[in-house]
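First the structure, in the form of structure tokens, and then the observations on it.
Rule-based calculations on the coordinates, nothing more; no lab input. Everything quoted here is computed from the prediction, not taken from an experiment. Quick reminder, even Gly has a Cβ in these numbers, built from the backbone with ideal geometry, and neighbours come from all protein chains shown.
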Amino acid sequence: MAGPRPKGCVMSKESYAEALYTLTIPVFSGSLQNLGRIIAKAEDYAEQNRIEPETLLSARLHPTMFTLLQQIQYACFLPVDFARHFSDEEAPRVGYDETNLGELKSSIDQTVGYLQRIKVGGFRDREHAVLPVFFDPNLGLPADTHAARITVPDFFFHVTTAYCILRHEGVPLEKSDFLGPHKAEALT
């Protein structure tokens, strides 16, 4: 027979909503800002090496995989599709019609701006709402499960693949470009 739970083992409704927010919205925003800086490096590399930007945008790791353009489109679409369930503000239309680096950078900026306007309060009372799965609107998962099993892994799949395509094409990127500024504090 199980005894009483020790104090602190059960999250309050408020702390659960805050945790879901913290593990999604700021993470998406920061990673997209890193992706924007990566794209700027790719632009500089293309210019310095006389590579047409379209060559990079159409690059892919395997013939059956999405192009760089499509990877970045999905990296914008996925967090917006998730975040729209936690805000009354209309979500931007990103990840559909972009055709060049300028439009992709604009979509990243729009996505980051939208995500930065999402507040933790929007997650309260919605953190367990059933969200439709974007690839089959007849299926749904609770928001926390949706984030853990679909949105976050899928988002990082596309951001990572975009990074790998650019590395494969010769853009001089490092792990620090992917991770971006971490703002870690010194341990004393």
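How about the stretch 107-126: which of its residues are surrounded by 20 or more Cβ atoms within 10 Å (Cβ to Cβ) and not in a helix (DSSP H, G or I)?
I118
Looking at the stretch 130-152, which of its residues are out of contact with any helix residue (DSSP H, G or I) (no Cβ under 6 Å at 6 or more places or on another chain) and under 18 Å from Q33 (Cα atoms)? I'd like the intermediate steps shown before the answer.
From the stretch 130-152, those out of contact with any helix residue (DSSP H, G or I) (no Cβ under 6 Å at 6 or more places or on another chain) are 130, 132-133, 135-143, 145-150, 152; that's our starting set.
Of everything in the stretch 130-152, just one residue is out of contact with any helix residue (DSSP H, G or I) (no Cβ under 6 Å at 6 or more places or on another chain) and under 18 Å from Q33 (Cα atoms), namely V152.
Is there any pair linking a residue in the stretch 155-169 that is in contact (Cβ under 8 Å) with a residue 24 or more places away in the chain and hydroxyl-bearing (S, T, Y) to one that is crowded, with 16+ Cβ neighbours inside 10 Å and part of a helix (DSSP H, G or I), with Cβ under 8 Å and at least six apart or on different chains, and which?
T161/Q71; Y163/L35; Y163/I38; Y163/D177; Y163/F178
Go through (1) outside any loop (DSSP other than H, G, I, E, B); (2) small (G, A, S); (3) surrounded by 12 or more Cβ atoms within 10 Å (Cβ to Cβ) one by one and return the number of the condition G170 breaks.
(1)
For L78, work out the one condition from (1) within 12 Å of L35 (Cα to Cα); (2) touching a residue at least 24 places away in the same chain (Cβ under 8 Å) it doesn't fulfil.
If we test L78 against (1) within 12 Å of L35 (Cα to Cα); (2) touching a residue at least 24 places away in the same chain (Cβ under 8 Å), just (1) comes out false.
Can you confirm whether the stretch 86-106 contains a residue that is under 19 Å from the mean Cα position of the chain (by Cα), farther than 25 Å from L166 by Cβ, part of a helix (DSSP H, G or I) and touching a residue at least 40 places away in the same chain (Cβ under 8 Å)?
yes
Among the residues of the stretch 134-156, write down those that are of a type outside the set (S, T, Y) and exposed (fewer than 15 other Cβ atoms within 10 Å of the Cβ). Lay out the reasoning, then the answer.
As a first pass, look at the stretch 134-156 and keep what is of a type outside the set (S, T, Y): 134-144, 146-150, 152-156.
Correct list: F135, D136, P137, N138, L139, G140, P142, R149, P153.
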